[in-house]
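Data block below; observations after.
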Amino acid sequence: MNTHALGVLEFREALERVAARASSELGREAIRALRPGREVDRITAELTRVEEALSLLTSGSEWSPPPIPDARIPLQRLKVQGGVVDPEGLRLILDLLVSSRLLREALTASALLTASRDGLPTLPALEKQVDRVVDEAGEIRDDASPELRSLRKALRAARGRIVGRLERFLDSLPDHLRVPDASVSIRDGRYVVPIRREGKSAVGGVVHGESGTGATLFVEPPLSLQLMAEIREKEREEAREIERILREVSERLAPHQSELAVAQSTLVDFDTLWARALTARRWEGTVPELAPPDDPGLTIVRGRHPLLIEKGEGEVVPFDLSMDEAERALVVSGPNTGGKTVFLKSLGLVHLLAQSGIIPPTGPGTRLPVLRDIFADIGDEQSIAESLSTFSAHLENAKEVLEGAGPGTLVLMDEMGTGTDPAEGAALARATLEILVERGARAVVTSHLGALKRLDRDGSGIVNASFLFDAERIAPTYHFRKGRPGRSYGLAIARRLGIAQEVLDRAESYVDSGELEVETLLATLEAKERALSSALAEAKEARDDADRLRQALRGRKGELDERERSAEARAREEARRILLAAREEVERAIREARE
């Protein structure tokens with residue numbers, strides 16, 4: 001991919017935000033090294049893996065990945081014939097074994113990321129052996145072997161004896177040689193006692209330092225020299241036993257070196273997956289559908305700039321963009337500070353992130369063609385060192401674009417045609433845009449030039465777009481709209497800022513009549529759109545009220561129907577009761593008459 005475009009679009013800054021969510025430096029390094037790929041199947045598979053990690057993340061469990069150690073150096077030692085790993089390296093390998101086992105168990109339980117699970121060995125016997133040798137601090141345990149336990153016990157006893165003898169030696173010194181509250185200490189691995197400087201000749205031995213004032217010397221007396229011989233011999237025996245233990249464990253680990261190396265890379269890879277899943281959750285991103293580079297369609301739903309999301313300074317207004325085969329170039333116009341530059345960078349970053357295996361901040365329904373390359377000319381790139389003006393820098397970028405753009409490429413150019421005479425700038429911008437369309441590139445440019453706004457004609461392949469602007473508040477809304485150019489609002493903003501009316505009237509008289517007609521027409525359309533939007537809102541509110549009333553009437557009718565059915569049933573029951581009572585009365589009267 002074009003390195004200049006990666007820099008202009010702040011691709012590395014976006015990667016850095018993703019890398020910050022990795023738990024290990026190795027994971028952060030791997031994310032920083034990501035670059036956009038071009039193979040649709042491979043990119044899709046990678047995004048699917050991130051989506052699976054996101055499913056694991058959002059499953060509701062409190063699980064989090066195990067720590068990722070950096071065991072590369074000890075693993076390199078194992079590759080060498082007869083290589084011995086030091087205690088710190090053994091601790092890293094043990095952490096690697098434990099993390100490999102824990103992550104494999106978690107992935108087995110979730111049935112996700114099976115390819116990652118296959119790269120995680122489980123070696124419980126080896127893990128147990130290494131754990132028996134080194135502790136959490138990377139030190140050899142006393143019980144790493146019976147011989148080592150015995151040697152260290154003897155060493156502790158010998159050191160205790162030397163401290164006891166030296167304490168008694170201190171107590172035996174006359175007061176004029178002793179230092180108040182003196183005690184035995186260790187300097188450079190030697191046992192020393194503090195004495196006054198004037199007692200050096202009386203005590204003898206070797207001086208291993210002095211106090212800040214120089215009044216106290218730290219002396220290793222002859223007695224200590226004699227006792228240290230025994231300790232030194234025990235320490236040499238301890239070192240030989242430790243070397244034997246390390247060699248033995250290293251020999252057990254060596255046959256598994258390749259498995260452990262795969263586990264190391266798999267854990268780092270999972271660290272990057274987890275960081276990308278965390279990022280996707282933060283960005284509320286969904287996996288886009290990817291299409292081949294030559295696919296003519298482009299659809300972005302709820303696209304947003306990732307760095308704006310990371311800032312967290314209020315809601316980021318999303319944009320929707322759809323371009324079909326007949327729409328090859330998009331000319332975005334409108335006032336400054338309206339969001340055009342952010343839109344260009346967002347558009348580029350969405351592609352770059354997706355092709356790097358990172359779920360971009362887009363919504364469901366997004367469909368992106370995989371880019372072969374991307375070109376960007378955004379911002380003021382003048383250079384004093386190279387004697388380039390802003391316009392010259394834009395021309396250098398345009399030259400690079402015209403040399404490399406074609407099918408499967410995306411061109412992003414900001415403020416196209418500015419920095420020189422407006423007529424010449426518009427002519428050059430128009431020619432560039434038309435050639436890009438003819439070559440099959442997809443281009444999105446921003447411009448204030450009215451000449452570019454008039455290129456949107458049937459069959460031109462060029463479409464207008466704009467960002468909405470609140471004319472009453474003279475403030476941007478950052479809402480993107482395709483199909484119509486935007487007004488520059490230069491004079492309106494000047495009026496809002498208090499520029500004298502005399503100046504504004506004269507400025508309006510100097511505006512090209514064609515441009516003024518276009519601006520007036522756009523202003524009229526905007527006013528009609530606002531009125532239509534207001535009318536539609538009122539109509540929607542009225543429809544909603546009617547729907548609510550209809551629902552209420554339906555409920556009332558149902559209630560009345562139920563009451564009517566209940567009343568009818570009660571009336572029938574009452575009539576039946578009266579009829580039965582009358583029949584009983586008649587029958588009783590008949591019986592009485594017969595009697």
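Details
- The Rg/Rh ratio for the stretch 19-66 is 1.03, where Rg is the radius of gyration of the alpha carbons and Rh is the Kirkwood radius.
- Using a probe of 1.4 angstrom and keeping all protein chains present, the accessible surface of the chain works out to 53 square angstrom per residue.
- Evaluated at q = 0.14 Å⁻¹, a Debye calculation over the C-alpha positions of the stretch 268-331 (equal weights, vacuum) places log10 I(q)/I(0) at -0.60.
- For the stretch 202-308: Kirkwood Rh in Å [reciprocal of mean 1/r, alpha carbons]: 22.3
- Rg ratio for the stretch 136-233: its Cα radius of gyration over 2.2 N^0.38 Å, N being its residue count, equals 1.26.
- Quarter of the Cα convex hull surface for the stretch 1-126, i.e. its orientation-mean projected area (nm²): 10.6
- Entries of 345/453; 128/234; 399/482; 453/482 with Cα pairs more than 19 Å apart: 345/453; 128/234; 399/482
- Residues with amide H under 5 Å from that of residue 464, placed H, sequence gap 5 or more: 331, 483
- Set the Cα radius of gyration of the stretch 97-151 against 2.2 N^0.38 Å, with N its number of residues, and you get 1.55.
- Both radii come from the Cα set of the chain: Rg as radius of gyration, Rh as Kirkwood radius; their ratio Rg/Rh reads 1.28.
- Shape analysis of the stretch 228-383 places it in the prolate category; the axes a ≥ b ≥ c from the Cα gyration tensor give an a/c of at least 1.5, with a/b above b/c.
- Anisotropy class of the stretch 320-382 from Cα gyration tensor, a/c 1.5 cut: prolate
- Rg ratio (alpha-carbon, reference 2.2 N^0.38 Å) - the stretch 288-362: 1.15
- Radius ratio Rg over Rh of the stretch 171-223, counting only Cα atoms, Kirkwood formula for Rh: 0.91
The values are calculated or read from the model by the stated rules, or taken from the named source; none is laboratory data. All figures in this text were calculated on a predicted structure; none of them were measured in a lab. For accessibility, only protein heavy atoms count, side chains too; no ligands or nucleic acids. Shrake-Rupley method; radii C 1.70, N 1.55, O 1.52, S 1.80 Å.
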